[in-house]
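The values are calculated or read from the model by the stated rules, or taken from the named source; none is laboratory data. Note that the coordinates shown come from a computational prediction; the quantities given were computed from them, not determined experimentally. Glycine gets a Cβ as well: all are built from the backbone with ideal geometry, and neighbour counts include every protein chain shown.
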Amino acid sequence: MADTYHHGDLRRQVLESAAEEIARNGPDMLSLRELARRAGVTHGAPAHHFGSRQGVFTALAVQGFTSLADALEPSVRRGDFADTAAEYVRFALRRPGHYAVMFRVDLLQETHDLRRQRDRAGAALRDGMATLPEERIRIPLDWARQAAWGLVHGLASLALNGALGSDDPIELTRAAALQMFGPASRSRRRGAHSEGVCA
């Protein structure tokens, strides 16, 4: 093991190892000492860079929300909420270690970067809903947004837990979004940027 707090790519390597470990065993089993061993640095090196396990979780969540927003935005520009919903679930399946901590407020530090990227991802999901015609929303709009988030978050969680059996989670998500809200419209709803989803 290197007797140092630093090497060229320590931050990236620690976060990649943390995401892999969380995907396998969940966040509760994460050990900074084990992350240091994998990175080939002294046991205090991850703490020197991240402060604590909470700092590692927060950095992972920032990465996760950044990647989620990046994944959602192209489908929002295409103007089809079913595609946006499917991209949310696809992201969760691709990045299960990140997804496992992103909404665990008990694990995270409320930093500026976390708020900014979480708000960006939430805005992308809200803007995806904004493609829906107003007459399709039959409950208060904030509730509809929370219901849409619950739909995609719930299906992603079920898929990650292996509870969907042989059903394709992406196609199931598309179908569920269409069942709940119907097909999209190119006209955009007012209030697309108000607060609510992923907040």
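Below are the figures for this structure:
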quantity	calculated
Residue within segment 127-145 that is out of contact with any Phe, Trp or Tyr (no Cβ under 9 Å at 6 or more places or on another chain) and at pLDDT 95 or above present	no
Residues of segment 164-199 classified as modelled with pLDDT under 95 and not in a helix (DSSP H, G or I), total	22
Scope segment 134-150; condition under 23 Å from Gly97 (Cβ atoms) and in contact (Cβ under 8 Å) with a residue 12 or more places away in the chain; matching residues	Trp149
Members of segment 133-152 found to be surrounded by fewer than 15 Cβ atoms within 10 Å (Cβ to Cβ), of a type outside the set (D, E, K, R) and assigned to a helix (DSSP H, G or I), listed by number	Trp143, Gly150
Criterion: free of Cβ contacts under 8 Å to residues at least 12 places away in the same chain and part of a helix (DSSP H, G or I) - qualifying residue of Asp83, Asp113, Asp106, Asp119	Asp106
Inter-residue pairs, beta-carbon under 7 Å, first closer than 15 Å to Arg95 by Cα and in segment 158-171, second at pLDDT below 95, 6+ apart	Leu158/Leu164
Whichever residue in segment 23-44 is surrounded by 13 or more Cβ atoms within 10 Å (Cβ to Cβ) and basic (Lys, Arg) and, among such residues, is nearest to Ala156 (Cα to Cα)	Arg38
Qualifying residue in segment 92-102 (condition: crowded, with 18+ Cβ neighbours inside 10 Å, β-branched (Val, Ile, Thr) and more than 19 Å from Ala176 (Cβ to Cβ))	yes
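Yes/no per residue for (1) part of a helix (DSSP H, G or I); (2) modelled with pLDDT under 90; (3) in the same structural domain as Arg120 (by TED's automatic domain parsing); (4) farther than 30 Å from Ile170 by Cα:
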site	(1), (2), (3), (4)
Glu16	yes, no, no, no
Arg24	yes, no, no, no
Asp28	yes, no, no, no
Glu34	yes, yes, no, yes
Gly64	yes, no, yes, no
Asp70	yes, no, yes, no
